[in-house]
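To keep things clear, I will list the structure first and then write my remarks on it.
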Amino acid sequence: MSTGMVYLTRRERFNAAHKLWVEAWSDEKNQQMFGKCSNRNWHGHNYDLFVTVKGQPDPVTGFVMDVKELSKLIKMTIVDKVDHSNLNLDVDFIPKGMQPTTENLAILFWQQLEPHIKNCKLHSIKLYETENIYVEYFGE
Ligand code: NI
């Protein structure tokens with residue numbers, strides 16, 4: 001039997017603090033650009049992270065990937081490092097001075113995780129900062 005491509009998604013959640021701020025700008029301009037995310041004394045978000053891999057189901061297991069293994073890899077490479085952290089200060093893979101926006105986080109998360117995915121392919125990183133705002137990154 002020939003099988004097609006299947007997309008498998010695992011959700012993980014974490015909480016983290018951040019501040020979006022450009023030093024060279026006035027308080028007013030920062031407030032205008034970043035809104036509440038520019039709050040001087042930090043604030044937090046409850047992030048929802050959706051990681052999707054793609055592949056053909058294994059003929060024996062029927063799995064694209066063992067989802068327990070995927071969950072472990074996401075925790076090891078991403079969630080354990082960002083959960084309950086300050087994204088501006090605490091995380092070794094977020095370059096100092098890079099704005100910890102959802103956009104930048106999605107790219108960095110891809111770079112963290114992608115080398116560990118074997119026997120199938122990482123398809124996307126989808127990251128919700130609030131229930132109404134999310135980004136998706138496909139590694140391109
Ligand atoms: Ni924010």
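A few points about this structure:
- In segment 112-140, the residues that are free of Cβ contacts under 8 Å to residues at least 40 places away in the same chain and under 20 Å from Glu69 (Cβ atoms) form Cβ pairs under 6 Å with partners that are away from the ligand (no atom under 16 Å from the Cβ) and part of a loop (DSSP other than H, G, I, E, B), at six or more places apart or across chains, as follows: Gln112/Phe93.
- Selection from segment 1-22 of residues that are over 25 Å from the mean Cα position of the chain (by Cα) and closer than 30 Å to Ile78 by Cβ: Thr3, Gly4
- Subset of segment 64-86 [touching a residue at least 40 places away in the same chain (Cβ under 8 Å), open to solvent by less than 30 Å² (accessible area, probe 1.4 Å) and assigned to a helix (DSSP H, G or I)]: Leu70, Ser71, Leu73, Ile74, Ile78, Val79, Val82
- Odd one out for Thr61 among (1) within 13 Å of the chain's Cα centre (by Cα); (2) among the hydroxyl-bearing types (Ser, Thr, Tyr); (3) outside any strand (DSSP E or B): (1)
- Scanning segment 27-52 for residues that are open to solvent by less than 60 Å² (accessible area, probe 1.4 Å), among the polar types (S, T, N, Q) and either within 16 Å of the ligand (Cβ to nearest atom) or touching a helix residue (DSSP H, G or I) at 6+ places or on another chain (Cβ under 9 Å) (or both) returns Asn30, Ser38.
- Residue within segment 3-15 that is surrounded by 14 or more Cβ atoms within 10 Å (Cβ to Cβ), of a type in the set (A, V, I, L, M) and within 16 Å of the ligand (Cβ to nearest atom) present: no
- Leu89 meets the conditions (1) within 15 Å of the ligand (Cβ to nearest atom); (2) aliphatic (A, V, I, L, M); (3) open to solvent by less than 60 Å² (accessible area, probe 1.4 Å) in every case but one. The failed one is (3).
- Note on segment 96-107: among residues that are within 16 Å of the ligand (Cβ to nearest atom) and of a type outside the set (D, E, K, R), the one that is surrounded by the most Cβ atoms within 10 Å (Cβ to Cβ) is Leu105.
- Scanning segment 113-135 for residues that are open to solvent by 90 Å² or more (accessible area, probe 1.4 Å) and more than 16 Å from the ligand (Cβ to nearest atom) yields Lys118, Asn119, Lys121.
- Exactly one residue out of Glu28, Glu12 is without any contact (Cβ under 8 Å) to a residue 60 or more places away in the chain and charged (D, E, K, R), and it is Glu28.
- Residues (among the small types (Gly, Ala, Ser) and part of a strand (DSSP E or B)) located in segment 11-37: Ala16, Ala17
The values are calculated or read from the model by the stated rules, or taken from the named source; none is laboratory data. Predicted, not measured: the structure shown is a model, and the values here were computed from it. When we count neighbours, we look across all protein chains shown, and the Cβ atoms used for this are built from the backbone with ideal geometry, even at glycine. Please note that ligands, DNA and RNA were not included when accessible areas were found on the heavy atoms of the full protein model with its side chains. Shrake-Rupley method; radii C 1.70, N 1.55, O 1.52, S 1.80 Å.
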